[in-house]
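Colleague: Supplied in C-alpha cells, the structure appears directly below.
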Amino acid sequence: MFRINAPAELTSLEGTWLGHALSFRFGQSCNCWYAIAGVDLNTKAGKYSLVLQGKGKPGVKASFTSAVAVSEKPYPSTSIKVAPEYVAPPAETEARIEEEQALKKRVFSVIVPESLWSGRFQPPAEAEVSGVFGSARVFNGVKKSQHTGLDFRVTTGTPIAASNGGTVILARNLYFEGNCVMIDHGQGLITLYMHLSEIKIKEGDRVQARQILGLSGGTGRATAPHLHFAVRWQGVYLDPGTLLSLNLP
Ligand SMILES: [Zn+2]
C-alpha cells in the first residue's frame, strides 16, 4: 500500500508504478491518499520510480516522483505429488485446457475503473496456512512453477468467504483450478478461490466481504482438500498474505 500525504487542495491523485496505473483514494481516518500496488515475482531488486500526478481546483496541479526500493526475498522449494494427468495432461484434455487459458485471458483483461472493495481484506477461511506464496513447485520431481497463491488447510465442506466486496467474474469448473471462483474488486484487483467442492454463487453476482462463495474441496490439480487463494493485480500474482496484513484505512 502506498500512502501519500498531499496538499489539502488536491481532489484526485493518480500514479504509475512498474508500468501499472494507480488510482488513489482519500482516507478520512488517515488523512492520506492510499492505493494498493504490488511487485511481480520476476522483478529484479533495485529502485523503481513511483510517479504521482495530483489535481485540484482549476490551476492546482502537483507532481512528484520518488524512488522506491524493491529488495530480494528468498522463497522455499516444495515437492508435491499429484495425479500424473495434472503434470502431463492427456492429449484429449488439450483442447479444454487451451479453451480455459483463453477464457482466463479474457476474464483477466477486463479492468473496471471503479473500485468495489472497502476496508481490510479478510482471510477466505478460518484456517491455518499450509502453503506460502512464492515457493518453487516441484510436481512429481519436475519443477513446474512458482506457487502464486496462499494455501489454507481446510477439509472438504468448509465455507469459503469473499475476501472483500466485488463482482463474480468466474464461477465454474476448470481443469487445473477445479471448481473456481474469481472476484473482481475493480481497478485490476482480483481474488481467486480454487479446488472448491461446491460453488454457491454465480457469474455476474455482486458479493460483499465475508459472503459465502462455496465450500472447500480438492477438485482440479490438488493433492488433498485445501483452499488455494490467489490475488491478481493488473496481470501479476501478488502475495495474498501481504494483502491480508494491510491495515487499510
Ligand atoms: Zn496453492
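Colleague: For the chain, list the cysteines whose Cβ sits under 4.7 Å from no other cysteine Cβ?
Modeller: That list is C180.
Colleague: Something else now. Which of these, Q28, Q101, Q187, has the largest mean-square fluctuation under a Gaussian network model of the chain (Cα springs below 10 Å)?
Modeller: Its mean-square fluctuation being the largest, the pick is Q28.
Colleague: Non-local amide H neighbours of Q146 (under 5 Å, H modeled in plane, Pro and chain starts lacking H): which ones?
Modeller: The answer is R137.
Colleague: Also, quick follow-up: Amide H of D205 versus every other amide H placed in the peptide plane: which residues, excluding those fewer than 5 positions away on the same chain, fall under 5 Å?
Modeller: The list, which skips near neighbours in sequence, is V168.
Colleague: Just to confirm, what accessible area per residue do you get for the chain at 1.4 Å probe, in whole Å²?
Modeller: Working: 12800 Å² over 249 residues.
Computed with neighbouring chains in place, this is 51 Å² per residue.
Colleague: So what are the ³J(HN,Hα) numbers for region 29-40, from phi and the Karplus equation (6.51, -1.76, 1.60; θ = phi - 60°), rounded to whole Hz, Gly and Pro as x?
Modeller: Karplus values, whole Hz, x for Gly and Pro: 5, 9, 6, 9, 9, 9, 8, 8, 8, x, 10, 5.
Colleague: I need the per residue convex hull volume for the chain, using only the alpha carbons, in cubic angstrom as a whole number.
Modeller: So the per-residue Cα hull volume is 131 Å³.
Colleague: Hey, what's the per residue convex hull volume over the C-alpha atoms of region 1-108, in cubic angstrom?
Modeller: Expressed per residue, the convex hull around the Cα atoms of region 1-108 is 178 Å³.
Colleague: Springs between alpha-carbon pairs under 10 angstrom, Gaussian network model over the chain: which of L227, L50, L189 fluctuates most?
Modeller: Result: L50 has the largest fluctuation of those listed.
Colleague: Mind listing the long-range amide H neighbours of A6? Cut-off is under 5 Å, sequence gap 5 or more, other chains count too, H placed in the peptide plane at 1.01 Å from N.
Modeller: Distant-sequence amide H within range of A6: W33.
Colleague: Could you derive backbone 3J(HN,Hα) for region 67-84 from the dihedral phi with the Karplus parameters 6.51, -1.76 and 1.60 (θ = phi - 60°), listing whole Hz in sequence and x where the residue is Gly or Pro?
Modeller: Karplus values, whole Hz, x for Gly and Pro: 8, 10, 7, 10, 9, 7, 9, x, 10, x, 10, 10, 9, 9, 10, 10, 4, x.
Colleague: Looking only at G15, G141, G217, which one moves most when the chain is put into a Gaussian network model with springs between Cα atoms under 10 Å?
Modeller: G141
Colleague: Something else: What percentage of the solvent-accessible surface of the chain, computed with a 1.4 Å probe over protein heavy atoms, is contributed by carbon and sulfur atoms?
Modeller: The nonpolar share, carbon plus sulfur, comes to 51 percent.
The values are calculated or read from the model by the stated rules, or taken from the named source; none is laboratory data. For clarity, every value in this text was computed on a predicted model and none was experimentally measured. Here Cβ is always computed from backbone atoms with ideal geometry, including for glycine, and neighbour counts include all displayed protein chains. What goes into the accessible areas is simple: the full protein's heavy atoms, side chains included, and nothing from ligands, DNA or RNA. Shrake-Rupley method; radii C 1.70, N 1.55, O 1.52, S 1.80 Å.
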